[in-house]
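Taking it in order: structure first as structure tokens, then the write-up.
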């Protein structure tokens, strides 16, 4: 005897199951993609770390870290009125030649993304990078600071990290933490819970103190 056609309830049940499976597949795919982007971010930081070492070797141990115009949140600039500043000096001196290396592939904010409509590359005027420098020295508005930090002074300290000047900067990429580069060239993942209180308070110097290598 032929079975009757699917009932409406059966059809709705099948559709619901398919929707759940599709949602689970989407979440799993997105998780895999983020892991891939996070690995690329780690690779970028390692390359920038190697570039900082080369810069130090070429400049008697000095490294181009710091912040601009008296504001420690302005520690991601690559190019400003005077030309290439902070990490941008690695590009200016052809130590790091691929511009995308300066940008986290997980970034969703146009202002910190590579060659977005508001952050053009090649630079014309103010251009931000995707990674923050340890805000050790104020470059003010000059093309160079009064003095550069020296690599020998930074043992155990973080040199670079994903943008972490505000909660929005963390939310716009990895969300639950940041990748951090240390003076010995190592890179590690730092969970947001370690620094979230200081992040919400805007206490940038304390955030970088918390990044100190264990």
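No value in this document is a laboratory result; all are computed from the given coordinates. It should be emphasised that the depicted structure is a prediction, and the values quoted were computed from it without experimental measurement. Every residue, glycine as well, gets a Cβ built from its backbone with ideal geometry; the counts of neighbours run over all protein chains shown.
Computed quantities for the displayed model
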{"item": "Selected residue (criterion: farthest from the chain's Cα centre (by Cα)) from residues of the range 77-88 that are assigned to a loop (DSSP other than H, G, I, E, B) and crowded, with 24+ Cβ neighbours inside 10 Å", "result": "85"}
{"item": "In the range 32-64, the residues that are in contact with a helix residue (DSSP H, G or I) (Cβ under 8 Å, 6 or more places away or on another chain), surrounded by 19 or more Cβ atoms within 10 Å (Cβ to Cβ) and under 19 Å from residue 98 (Cα atoms)", "result": "44, 48, 51, 52, 55, 64"}
{"item": "Contacts under 8 angstrom Cβ, first residue in the range 133-162 being on the phi > 0 side of the Ramachandran plot and in contact (Cβ under 8 Å) with a residue 12 or more places away in the chain, partner assigned to a loop (DSSP other than H, G, I, E, B) and surrounded by 17 or more Cβ atoms within 10 Å (Cβ to Cβ), 6 or more apart", "result": "156/183"}
{"item": "Within the range 105-118, tally of residues that are in contact with a strand residue (DSSP E or B) (Cβ under 6 Å, 6 or more places away or on another chain) and either surrounded by 22 or more Cβ atoms within 10 Å (Cβ to Cβ) or in contact (Cβ under 8 Å) with a residue 60 or more places away in the chain (or both)", "result": "1"}
{"item": "Evaluation of residue 168 against (1) farther than 17 Å from residue 130 by Cβ; (2) out of contact with any strand residue (DSSP E or B) (no Cβ under 8 Å at 6 or more places or on another chain); (3) surrounded by fewer than 13 Cβ atoms within 10 Å (Cβ to Cβ); (4) in contact (Cβ under 8 Å) with a residue 40 or more places away in the chain (one fails), failing number", "result": "(1)"}
{"item": "Which numbered condition residue 189 misses (of (1) under 21 Å from residue 128 (Cβ atoms); (2) surrounded by fewer than 20 Cβ atoms within 10 Å (Cβ to Cβ))", "result": "(1)"}
